[in-house]
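Heads up, the thing below is written out as structure tokens.
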Amino acid sequence: MISYQAHETAVIDDGCIIGSGTRIWHFSHIMEGAVVGRNCNIGQNVVISPGVILGQNVKVQNNVSIYTGVTCEDDVFLGPSCVFTNILNPRSAVPRKEKYEKTIVKKGASIGANATIICGLTIGEYALIGAGAVVTKNVPPYALVIGNPGKQDGWVSKYGHRLHFDARGIALCPETNECYILKGNAIEMHDRTSL
């Protein structure tokens with residue numbers, strides 16, 4: 001029994017796994033060997049290639065290409081028309097399928113519209129990649145990355161708000177009041193009662 005919903009124009013190859021509650025919209029293609037978790041939303045005109053793994057509650061907006069080698073953990077957001085690569089030196093006449101690079105997007109990270117993620121990288125937990133950014137380096141958890149080439153421009157909370165640290169290196173999320181502490185080039189959530 002099928003426990004997901006797919007538009008009649010979507011192509012779902014045999015041999016892929018799709019979790020319950022997932023919705024797949026117009027003209028999208030889920031290829032053999034792809035794994036899509038529970039409660040995902042796959043927008044229209046999306047390609048999910050063989051071997052791609054999407055966790056639970058992943059939101060993939062329209063026109064996104066997710067190529068072999070990409071893993072997205074739970075609660076990842078992929079903005080409209082963002083794209084992943086899977087080889088650093090592609091050539092039409094030189095087959096390199098055995099050299100696909102692995103890219104990991106960690107839990108809760110968001111990638112903005114039209115961003116490009118160069119292969120072989122890790123995007124840290126709850127990181128936020130701005131629209132149109134070209135990411136060429138690993139991204140730390142909670143980092144805000146913008147531009148081409150992508151550069152870190154601060155930190156964000158789990159809820160995606162820019163964090164403003166005081167002289168002690170402490171910031172509060174304006175939506176949740178969760179506390180974050182800046183330690184070197186990393187931040188961590190902290191219990192406010194022990195400050």
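Just a few scattered comments:
- When the range 40-59 is limited to residues that are in a strand (DSSP E or B) and touching a Lys or Arg at 6+ places or on another chain (Cβ under 9 Å), the one that is farthest from Asp13 (Cα to Cα) turns out to be Asn41.
- Each residue in the range 131-146 was checked for being assigned to a loop (DSSP other than H, G, I, E, B) and farther than 12 Å from Ile117 by Cα, and 3 of them qualify.
- Any hit, the range 99-120, residues being out of contact with any Pro (no Cβ under 9 Å at 6 or more places or on another chain), surrounded by fewer than 23 Cβ atoms within 10 Å (Cβ to Cβ), part of a strand (DSSP E or B) and of a type in the set (A, V, I, L, M, F, W, C): yes
- Scanning the range 95-110 for residues that are at pLDDT 95 or above and hydroxyl-bearing (Ser, Thr, Tyr) yields a count of 2.
- Filtering Ala113, Ala171 for residues that are modelled with pLDDT of 95 or more and over 19 Å from Phe77 (Cβ atoms) leaves a single hit, Ala171.
- Check on Asn62, in a loop (DSSP other than H, G, I, E, B), in contact with a Ser or Thr (Cβ under 9 Å, 6 or more places away or on another chain) and at pLDDT 95 or above: yes
- Residues in the range 1-55 that are crowded, with 20+ Cβ neighbours inside 10 Å and hydroxyl-bearing (Ser, Thr, Tyr) were compared, and the one that is farthest from Lys102 (Cα to Cα) is Thr22.
- Residues that are over 18 Å from Ala127 (Cβ atoms) and part of a strand (DSSP E or B) within the range 155-179 comprise Ile170, Leu172, Cys179, listed in sequence order.
- Any pair with Cβ under 8 angstrom, 6 or more apart, that starts in the range 65-81 at a residue that is acidic (Asp, Glu) and ends at one that is in a strand (DSSP E or B): Glu73/Ile104; Glu73/Val105
- Output for the range 8-31, where each listed residue is among the aliphatic types (A, V, I, L, M) and closer than 19 Å to Asn63 by Cβ: Ala10, Val11, Ile12, Ile24, Ile30, Met31
The values are calculated or read from the model by the stated rules, or taken from the named source; none is laboratory data. Since we're looking at a predicted model, the values are computed, not measured. Glycine gets a Cβ as well: all are built from the backbone with ideal geometry, and neighbour counts include every protein chain shown.
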